[in-house]
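These notes are about the structure you will find just below.
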Amino acid sequence: MKIRTKSVHTGVQIDKTFNSVITPIYPSSTFYFDRIGKNKGYDYTRTGNPTRAALEKNIAALEGGVDCSVTATGMAAVTAVMFYLKPGDHVVTGHDIYGGTYRLFDYVLRDFGIDFSFVDMRDLNNVKKAIRPNTKMIWIETPSNPLLNIVDIKGVVAIAKKKKILTVCDNTFLSPYFQRPLELGVDIVIHSTTKYLNGHSDVVGGAIVYGNKKLQEKGRYLVNALGVAGSPFDAWLVLRGVKTLAPRMEVHQANAIAIAKFLEKHPNVKKVYYPGLKKHPGQGIIRKQMSGFGAMVTFELNTKKVSLGRFFKKLKYFALAESLGGVESLVESPWYMSHSSMGEKALKASGITKETVRVSVGIEDAEDLIADLAQALKG
Ligand SMILES: *Cc1c(COP(=O)(O)O)cnc(C)c1O
């Protein structure tokens, strides 16, 4: 099965009672036993649920994993994966990872005895240099958020494998439609399904996709023990969204390319970050590990010409909001919004400025979107 077929069919037709084409929602918290030791494969929804299992099968198939755990949020997935570690362990990760992940690592997990090095992972030497005897995990996010830096996944995996270090990749930004890290040797993929996998900005959810049986066993154990599994209703919504992943990603991307090219030429835009632009310094790796560029476009606004406030206010189709990956276009300031929890020092180190604007390009008409940006950029 090709990925488009997988997204529509995998895990879906599970109802043998009435042959419904769509996966039913099983909101039941518990499932009765026919007798001690005999049930139909489910006993309690925190542990397992048929609707959630349908989505888990689907996402596992899309990423090419052995299995998947669907969680309540993307951060629940991140949290669960961090429980593979023990106090005293050390993690190497990027200096420009998702703000919420950064917060969990730097402000919460340090208190539990886990240490982190945040480095510029574009240069594999930085990754090598950061590794210590107690390094147990390398956390990859590529393209990074919000500056769309590219990390060489295979390069990191090669470094990690030599030292038996676990590799995890947050694949939220591209979705399995454009990038499949497990095929590049990564051990675990995580998602915020809140973004492209669901795609309709009407649910928060997450997923952990396991590259092998051993990780699956431990992961499923952790998700149940920690109590971070997603609800059947949310799983049903994401399953509904994921079926249109392929056509959505194509339109998202076509619009993003058009917008990035428009912004690149605009006099009030200082710099554009987008993997689909020839100027993007990661082109060599982009061609090796990605089959598309995604639809996040970040740029530096010349705020001497147009203030951030005025630009945001004048936009008609781009709502000023955090999050991304929905059918509607969104715009935001990483400095003041999505990444503010990083603190000024870390923001500056990662290259984010007060002029940085992040756009989640939706699936509206590209001409309308560009016209809207053009009138707002006039100032
Ligand atoms: C949104 C996001 C998360 C966190 O997901 P939630 O569903 O908001 O908890 C993690 N990583 C990336 C890259 C994200 O964009």
Given H placed 1.01 Å from N in the peptide plane, which residues other than close sequence neighbours of residue 119 have an amide H under 5 Å from its amide H?
93, 94, 95
Helix 232-242 vs. the chain, principal-axis angle (Cα, 0 to 90°, nearest 10):
50
Please name whichever of 256, 81, 281 sits farthest to the positive end of the charge dipole of the chain, dipole taken about the Cα centre and charges placed at Cβ: Lys and Arg +1, Asp and Glu -1.
281
Stretched out fully, how many nm does the piece from residue 35 to residue 370 gain, at 0.36 nm a residue minus the Cα gap?
114.3 nm
Under the Karplus relation with 6.51, -1.76 and 1.60 and θ = phi - 60°, whole-Hz ³J(HN,Hα) for the range 313-330, x at Gly and Pro, equal 5, 7, 5, 9, 9, 9, 6, 7, 7, 6, 6, 6, x, x, 5, 9, 6, 10
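Taking all pairs of distinct Cα atoms, average 1/r, flip it, and tell me the Kirkwood hydrodynamic radius of the chain in Å to one decimal place. Could you put the intermediate results ahead of the total?
Numbers: mean 1/r = 0.0469 Å⁻¹.
It is 21.3 Å.
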Within the chain, percent of DSSP bridges classed antiparallel, to nearest 5:
55
Amide H neighbours of residue 185 under 5 Å, at least 5 residues apart or on other chains, H built in the peptide plane: list them.
none
Over the chain, calculate the relative contact order: mean separation of alpha carbon pairs under 8 Å at least 6 apart, over the residue count, as a percent.
18
At 222 nm, what value in deg cm²/dmol follows for the chain if DSSP H runs of at least 4 each add -39500 (n - 2.57) and the sum is divided by all its residues, to the nearest 500?
-10500 deg cm²/dmol
Report the residue, chosen from 54, 225, 76, that carries the largest GNM mean-square fluctuation when the chain is represented by alpha-carbon nodes joined by springs under 10 Å.
225
Quick one: helix 153-162 against the long Cα principal axis of the chain, what's the angle to the nearest 10°, folded into 0 to 90?
50
For the range 293-310, Karplus couplings with θ = phi - 60° (6.51, -1.76, 1.60), whole Hz, Gly/Pro x:
9, x, 9, 9, 10, 10, 8, 9, 8, 7, 6, 6, 8, 9, 6, 4, x, 5
Got a sec to turn the phi values of the range 333-338 into Karplus ³J(HN,Hα) couplings, 6.51 cos²θ - 1.76 cosθ + 1.60 with θ = phi - 60°, whole Hz, x for Gly and Pro?
10, x, 4, 8, 10, 4
Write down the accessible area per residue of the range 3-242 in Å², having rolled a 1.4 Å probe over the full set of protein chains.
43
Heavy-atom accessible area of the chain with neighbours in place, 1.4 angstrom probe: carbon+sulfur share in percent works out to 56
Let me test this: with uniform point scatterers at the alpha carbons of the range 245-376, what is the Debye-based log₁₀ I(q)/I(0) at q = 0.10, 0.15 1/Å?
-0.31, -0.71
Cα-based Rg then Dmax for the range 207-253, in Å, read 14.4, 40
Quick check for you: with a 1.4 Å probe and neighbouring chains kept, what is the accessible area per residue of the range 245-376, in Å²?
44
Near the amide H of residue 71, under 5 Å away, which other amide H atoms are found, from residues 5 or more places off or on another chain, if H is placed in the peptide plane?
206, 207, 208, 230
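The values are calculated or read from the model by the stated rules, or taken from the named source; none is laboratory data. If you're wondering where the values come from, they're calculated on a predicted model, not measured in any experiment. Backbone-built Cβ (ideal geometry, glycine too); neighbour counts: all protein chains shown. To get the accessible areas, we keep the full protein, side chains included, count just its heavy atoms, and leave off ligands, DNA and RNA. Shrake-Rupley method; radii C 1.70, N 1.55, O 1.52, S 1.80 Å.
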